[in-house]
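Right, one structure below, let's go through it.
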Amino acid sequence: MKTMSMFAAAAVLALAAVPAAAQTKTLTGETKTVSATVEAIEKATREVTVKKPDGTYDVFYFPESIRRFDSLKVGDKITAKYYENLVLRLKAPGEKDVNSASGGTVRSDTKVAATSSRQRTITATIAAIDPAVPSITFTGPNGWKYSSRVEDKKALEKVKVGDKLDITWTEALILSVE
C-alpha cells in the first residue's frame, strides 16, 4: 500500500481550486487488485516488498494481528485488493496540528490472509513551491517530506509556502498468500 503517494499533490492542488467557503476536498481512489511475488521481507517494520507482473514494486504492511506473518517467504505469491481515499482540509491559522493513526484487522487462522484497514491524519505544511518546474513540497511530523511535480500551474498560485492542511488517507487491504 502506498502511503501518501502522488495522489496527495494532486489532491492539494484540487483543494486549492475549491472555493474558500468549501475547505474540505475528498478524492476517492480506485479499488485495485494485484497479484505479486514477495521480493523482500522487513520483519522489524512488518513491511513486504512485492514485484508486480508489470515489473514495478510496491510495499505492503502486515499488521501485528496477522500471526502467520513469520511464515512468509521470498518467492511467495500474494494477492492484494486495496483501496485508498484521501481527504484534505485547509487549516485555519493557529489551529492545532494533528498526527494520529488508527486501524484494525480481521484475520484468517487457516492461511496467511487478512482484511486490514488503516487511517492516518497528519498536518502538513507547504514548504516550497517552484512555479518554474512546477512543483510543490510538503513537510509533516516525524521528518515526513513529500515533493511532486504539479500539472496545473495556476493552482500553485492559490496556495503559499506556510499554508497548513490536514491530510487524512484511508487504506483498506485484503491480503492472501497463495
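The values are calculated or read from the model by the stated rules, or taken from the named source; none is laboratory data. These numbers were taken from a predicted model, which means no experiment stands behind them. Glycine gets a Cβ as well: all are built from the backbone with ideal geometry, and neighbour counts include every protein chain shown.
Miscellaneous remarks
Matching residues to (1) farther than 30 Å from Lys154 by Cα; (2) surrounded by 11 or more Cβ atoms within 10 Å (Cβ to Cβ); (3) modelled with pLDDT under 80; (4) aromatic (Phe, Trp, Tyr):
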{"residue": "Thr28", "(1), (2), (3), (4)": "no, no, yes, no"}
{"residue": "Glu39", "(1), (2), (3), (4)": "yes, yes, no, no"}
{"residue": "Ala44", "(1), (2), (3), (4)": "yes, no, no, no"}
{"residue": "Glu47", "(1), (2), (3), (4)": "yes, yes, no, no"}
{"residue": "Val50", "(1), (2), (3), (4)": "yes, yes, no, no"}
{"residue": "Phe62", "(1), (2), (3), (4)": "yes, yes, yes, yes"}
{"residue": "Leu72", "(1), (2), (3), (4)": "yes, yes, no, no"}
{"residue": "Asn85", "(1), (2), (3), (4)": "no, yes, no, no"}
{"residue": "Leu90", "(1), (2), (3), (4)": "no, yes, no, no"}
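- Every residue from region 45-77 that is touching a residue at least 40 places away in the same chain (Cβ under 8 Å), within 15 Å of Thr115 (Cα to Cα) and assigned to a loop (DSSP other than H, G, I, E, B): Phe62, Pro63, Ser65, Ile66
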